[in-house]
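Below is one structure, written out as structure tokens, with a few remarks after it.
The values are calculated or read from the model by the stated rules, or taken from the named source; none is laboratory data. Because the structure is predicted, anything quoted here is derived from the model rather than measured. Note that we place each Cβ from the backbone using ideal geometry, even for glycine, and neighbour counts take in every protein chain shown.
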Amino acid sequence: DMGRAEDAEATYRRGLRKATAALHLQPDDTRARYMAANALVALGEGRARFGALRERVDGISPKMLTATLRALEADGLAARIPVAGGVRHVDYELTALGRSAVPAADALVTWARGHTAAVLDARKEIS
């Protein structure tokens, strides 16, 4: 039922927001990987500043986005691009390697969004 799926997704997103503060302590956590996939997909939409990326990646905290972008950069998937002008800032964009990962990341994000209710049900069974 569509209402149940929407409620489940809203609950899942609230949980993600609460969980992101602690995720930096668990870099291999499933949620951190999901956020990294989301960030790849968001960067696949084009070069962007930090604030724009935060809007594209629903439920990510500034701290988690910073950690995710650093990890993507360290892995050669994303690059920080200094922008010249009066105000100092940087943009982020995917490298060629990062662009090659977008289809796989997009498939993961799409799958996760479509299976949110099942994931929540599985978590309830374990807790």
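What do you reckon, is Arg54 without any contact (Cβ under 8 Å) to a residue 12 or more places away in the chain, surrounded by 15 or more Cβ atoms within 10 Å (Cβ to Cβ) and either in a helix (DSSP H, G or I) or of a type in the set (A, V, I, L, M, F, W, C) (or both)?
yes
Would you confirm, using the coordinates I've provided, whether Lys63 is among the charged types (D, E, K, R), modelled with pLDDT under 80 and part of a helix (DSSP H, G or I)?
no
Within the stretch 53-71, can you find the residues that are more than 11 Å from the chain's Cα centre (by Cα) and among the hydrophobic types (A, V, I, L, M, F, W, C)?
Ala71
Before we move on, is Ala105 without any contact (Cβ under 8 Å) to a residue 12 or more places away in the chain and of a type in the set (A, V, I, L, M)?
So Ala105 does not fit the description; no.
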